[in-house]
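For reference, the structure discussed in these notes is given below.
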Amino acid sequence: MRRLAARFGAAVSVAIAVIGRAEPLYGLAGPLFEKELRVSGRRGRTYIVRSVYLLVLSGFVGMVWLSMITVGWRMSSPVYSAYEMSRAGMTIISVIMWFQFIVLPLVAVVMLSTSISDEIYQRTLGVLMTTPITSLQIVAGKLLSRTLEIALLLAVSLPMLLLTQALGGVSWDYVASGLCVTLATVILAGCLSMFFSISSRRSALVAILKTLAAMGVLFILLPLLWMWNQYGQAGTSQSTTESVLFHSNPYVMMGALTAGLFNPGIPPTPVPIHWWLHCLVLLGLSGVLFALSVWRVRVAAMRQLAGESGGWFASARRTRVRKGKIRRVRGEPMIWKELHSSSLRTRLLGVLAWLLLLGLLVAIEVLTRREMADRFTQVVYGLLLLIFIGFCAAVTAGQGIAKEREAGTWPLLLATPLEDRAILLGKAVALLRRSLPACLIMAFHFVLMAALGYVHPVALLHLAMIVTGVVVLVTGTGLYFSTLVRRPTAAILLNLGFVIALWAVLPIMVYSATVMLWLIISRGSPTGEPWPLFVYLLTHPLFQAGTAVECASGTDNAAKLLAQIMYRWPVARPMGVLGVTAVIGAVMAAHVFLGWLIASRAVGRLRKKVF
């Protein structure tokens, strides 16, 4: 412990010295950097986010630790227990690193999705350009202030990493390289989100979806296409292809670093890799995006000063007088209004965006066509598509009422003859229909797999029921949270936080409490399995989707009759199709009822804090 305290004190001293010498660099960000830090430091939600982040991270670590302890107590050998302690240290540190690597770039995307669009929307960008503040300082101040907040989240995990490293088996090279790769990925994701924020002044959802699509193309589609093309050409060096892949894709690099942690004597990759070179590549790409953002911010500010209200797209969107008949409102006015308004500039762009995502899915399916008959492959597709649907529904629902407040149209809407329930019902129906394209992408994949004989058609019914419950529940919570805040970004963060708390934090807490009680009741010698935990997991959407797809996929299961398909749950006996359908249907009904109950609570808040 003394060595750990000495190392921690030395690290703090070096950090203070570096910060002191970097004082002249503050002029690069300008006063906007200091202003953003002061504003974020005075917001209560900043400390709430940090506390929730630390709670979730501690929950993941505790779950891994309890699982390792349970296995160790079942083994009576002291040698195995000592080995298991070292293995537990490596597992816990890898969980911490991967948790930060996945979560923090997403946080950066959300935090920077409205960094520039807010200034354009509130018409303050042109005013900023009349001051001595330059466009470089505007972009740098926004980026550095948000990045510093995320870096503080990284710093929160350092004490946990220091304590876990005392278990042995973990080198500091892995910790340092993992933190650097994570920070470089955060900067790249933030630059992408800020770049798209300049052209997405109407909605944070647009910037978020554009950023996620760009990251999917950069780190999934392009590497797969490039490798497919290179391997197909004669005379192409395989080592060159793999070297480019490892040094340009952060997810592949992080996987290689983790493989080297668990197998220190075996090279993790067939070619030499350098994590510092990979970080330089990501920072170089971030620098290009940063320079483009500076130029676009200056152009948007000059157009705003010239009197054009559209910001960046002002020159491309000229006022035109539409001739012809006035469009009549048909059906419910709220549903008509929501469906005829698009987050993008036109509905055609929205259709093209969803077609692009569908094309990305088809390209990945073509590249992985040889593994389609594997059950694990279909389970991965099902879980990823379900997470994508939940994310889209949470982000879309968070804008339901908050965007009306931000635009100043909420008082006008409440002044109409429409009743509160009609307004909320129209919003809910429109939000559910906006989540339909994401659901159709999942349906397209599994209908195609069923037609090819890789998945039994009954999986479509089960997935449809699971998706229905998730989307309805997330839509209800999104409507409620959008009545609490004024900004759509805050409502989106609250809704995403609820989803993470319900389906990530709560399972961790249930797991930890169940295992601890199981160990106490069994007096340190547990026998069997904690069946209450697995009964609870039966209600988890991801667990249900994974089991439903796994037991209905594969060429052998796809050819079976309904009566021959058996689903093997962790507890109870194997169940047939009717039993599994009844369980999934009951959970779906509970999710729908809970979503309706939360949405009904939002009705009483529609006329509170109108202005």
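Here are the numbers for the structure shown:
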| read-out | value |
| --- | --- |
| Unsatisfied cross-links (Cα-Cα over 27 Å) in the set LYS142/LYS403; LYS142/LYS337; LYS337/LYS608; LYS210/LYS608; LYS142/LYS427; LYS427/LYS609 | LYS142/LYS337; LYS210/LYS608; LYS142/LYS427 |
| Region 355-429-region 117-166 distance, computed between alpha-carbon centres (Å) | 28 Å |
| Net length gained if the chain between PHE444 and THR539 were fully extended (0.36 nm per residue, minus Cα distance) | 31.7 nm |
| Mean Cβ count within 10 Å, highest first, over the residues of peptides 466-476, 392-402, 142-152, 34-44 | 392-402, 466-476, 142-152, 34-44 |
| Region 449-493 shape via C-alpha gyration tensor axes, a/c threshold 1.5 | prolate |
| Centre separation in Å (Cα based) which lies between region 586-608 and region 172-192 | 40 Å |
| Cα centre as origin, Lys/Arg/Asp/Glu Cβ charges: region 120-222 dipole, Debye | 540 debye |
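Each value in this text was obtained by applying a stated rule to the coordinates, not by laboratory testing. On a predicted model such as this, the values are computed, not experimentally measured, just so you know. Quick reminder, even Gly has a Cβ in these numbers, built from the backbone with ideal geometry, and neighbours come from all protein chains shown.
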